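The structure appears below as structure tokens.
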Amino acid sequence: MSAARTQHVLIVGWDGVRDDVLRSVRTPHLDALAAEGFLATVRVHDANPTISGPVWSTMATGVYRDRHGVHDNDFRRNAFDRHPDVLRRVRAARPGATTFAAGSWAPLVEEVSGGPLFHGGGYRPPIPAGVENTDDLDLIAAMDDAVTSRVARELLAHDHTAVFVYELLPDMVGHTEGVTDRYRAAIEGCDEQLGVLRAAIDARPMRGDEDWTVIVLTDHGHRDAGHHGGDSDEERLAWIAAAGPGIRPGAQPTVDHADVLPHVLSALGLPADDDLPGHPFSS
Ligand SMILES: [Zn+2]
């Protein structure tokens, strides 16, 4: 008799990584994940604008902006109490379960601009004293590194059921200088961080008795000259990659940001409500 395998989920968000650019850069860790499952282009649903706040809110709550109430990067009119984020739902459905969220963009994890998106907040690296330009790309890169390190430690030292980690740098480079070599390098840096996170999972003492669903995704693209929010393919075309139980290697599912929450609940054996627009990836 062997004990039942425990189920865990890691969700990794890379902000503003355009689909066609992703596929033109070196991402060995994402490629490995895609080989275990899939990497699918996602057209940001017409119910949402190509703006971070609404799309990450859809990823986290499973509903579009008409229901979650986040229409741009101002979260103050959110309806997260009616549409709780996926980590909160996991904790509510499974007493004793713990989750962890971390990211460099404040409204996701801090009481800023009507946030946090993730109830109870999470880890965001502190801005060093004396820094005046909080959009400085080297600062953002260092913050993303700190986020990755912290989450890797969490993955090693705790038995979280579900973890969300978010990297901001690609979007900030896109806004600062457009789709440039530095933008491409930022995406490759995110991939290296994915490698760190997956290595931490594989180093867990009970790894042999655990199943991990890993989901990596972006929220929107960027125009060549930078910026997003419009309806061009460069802005609308995002992507989701995932692997784990219930996902067949080589699958080519049609997926949407609203599918992330139903898939996570399904992977953990938890019920989803009937009126969610999305579905688990495998169906
Ligand atoms: Zn974004």
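Do we find a residue being within 16 Å of the ligand (Cβ to nearest atom) and either modelled with pLDDT of 95 or more or over 20 Å from residue 271 (Cβ atoms) (or both) anywhere in the stretch 30-38? Checked against the condition, which is being within 16 Å of the ligand (Cβ to nearest atom) and either modelled with pLDDT of 95 or more or over 20 Å from residue 271 (Cβ atoms) (or both), the stretch 30-38 yields no hits at all. When 191, 171, 138 are screened for being modelled with pLDDT of 95 or more, surrounded by 15 or more Cβ atoms within 10 Å (Cβ to Cβ) and either away from the ligand (no atom under 16 Å from the Cβ) or more than 16 Å from the chain's Cα centre (by Cα) (or both), only 191 passes.
Going through the stretch 46-56 one residue at a time, which ones are outside any helix (DSSP H, G or I) and either touching a Pro at 6+ places or on another chain (Cβ under 8 Å) or farther than 20 Å from residue 84 by Cβ (or both)? The answer is 46, 48, 49, 50, 51. Looking at (1) assigned to a helix (DSSP H, G or I); (2) farther than 27 Å from residue 93 by Cα, find the lone condition where residue 135 falls short. Failing condition for residue 135: (1). The condition (being in contact with a Gly (Cβ under 7 Å, 6 or more places away or on another chain) and either buried (at least 21 other Cβ atoms within 10 Å of the Cβ) or within 28 Å of residue 91 (Cα to Cα) (or both)) is satisfied by just one residue among 225, 258, 251, 272: 258. If you go through the stretch 37-60 and keep only what is surrounded by fewer than 23 Cβ atoms within 10 Å (Cβ to Cβ) and either under 17 Å from residue 282 (Cα atoms) or basic (Lys, Arg) (or both), you end up with 38, 39, 40, 41, 42, 43.
Counting only residues that are in contact with a Lys or Arg (Cβ under 7 Å, 6 or more places away or on another chain) and among the polar types (S, T, N, Q), the stretch 114-160 holds 0 of them.
Pairs linking a residue in the stretch 92-104 that is more than 24 Å from residue 169 (Cβ to Cβ) to a residue that is outside any strand (DSSP E or B) and modelled with pLDDT under 95, with Cβ atoms under 8 Å and 6 or more positions apart or on different chains, are 93/271. Evaluated against (1) more than 20 Å from residue 12 (Cα to Cα); (2) surrounded by fewer than 16 Cβ atoms within 10 Å (Cβ to Cβ), residue 179 falls short on exactly one condition, (2). So for the stretch 78-87 (the condition being within 16 Å of the ligand (Cβ to nearest atom) and crowded, with 24+ Cβ neighbours inside 10 Å), does at least one residue qualify? No: zero hits. Residues that are part of a helix (DSSP H, G or I) and more than 19 Å from the chain's Cα centre (by Cα) within the stretch 147-168 comprise 156, 157, listed in sequence order. Could we say that residue 51 is over 15 Å from residue 217 (Cβ atoms), within 15 Å of the chain's Cα centre (by Cα) and either within 16 Å of the ligand (Cβ to nearest atom) or at pLDDT 95 or above (or both) here? It is true that residue 51 is over 15 Å from residue 217 (Cβ atoms), within 15 Å of the chain's Cα centre (by Cα) and either within 16 Å of the ligand (Cβ to nearest atom) or at pLDDT 95 or above (or both).
Close contacts from the stretch 217-231, counting a first residue that is among the acidic types (Asp, Glu) and a second that is at pLDDT 95 or above and part of a loop (DSSP other than H, G, I, E, B), with Cβ to Cβ under 7 Å and a gap of 6+ residues or different chains, come to 219/15; 219/16; 224/178; 224/179. Within the stretch 12-26, residues that are at positive phi have Cβ atoms under 9 Å from residues that are modelled with pLDDT of 95 or more and β-branched (Val, Ile, Thr) in these pairs: 16/173; 16/218, counting only partners at least 6 apart in sequence or on another chain. Residues of the stretch 228-245 that are of a type outside the set (Val, Ile, Thr), crowded, with 17+ Cβ neighbours inside 10 Å and out of contact with any Lys or Arg (no Cβ under 7 Å at 6 or more places or on another chain): 228, 238, 239, 241, 242, 243, 244. For the stretch 1-21, the tally of residues that are out of contact with any Phe, Trp or Tyr (no Cβ under 6 Å at 6 or more places or on another chain) and within 16 Å of the ligand (Cβ to nearest atom) stands at 7.
The values are calculated or read from the model by the stated rules, or taken from the named source; none is laboratory data. Computed from a predicted structure; not experimentally measured. Methodologically, a virtual Cβ is constructed for each residue, glycine included, from the backbone with ideal geometry; neighbour enumeration extends over all protein chains shown.
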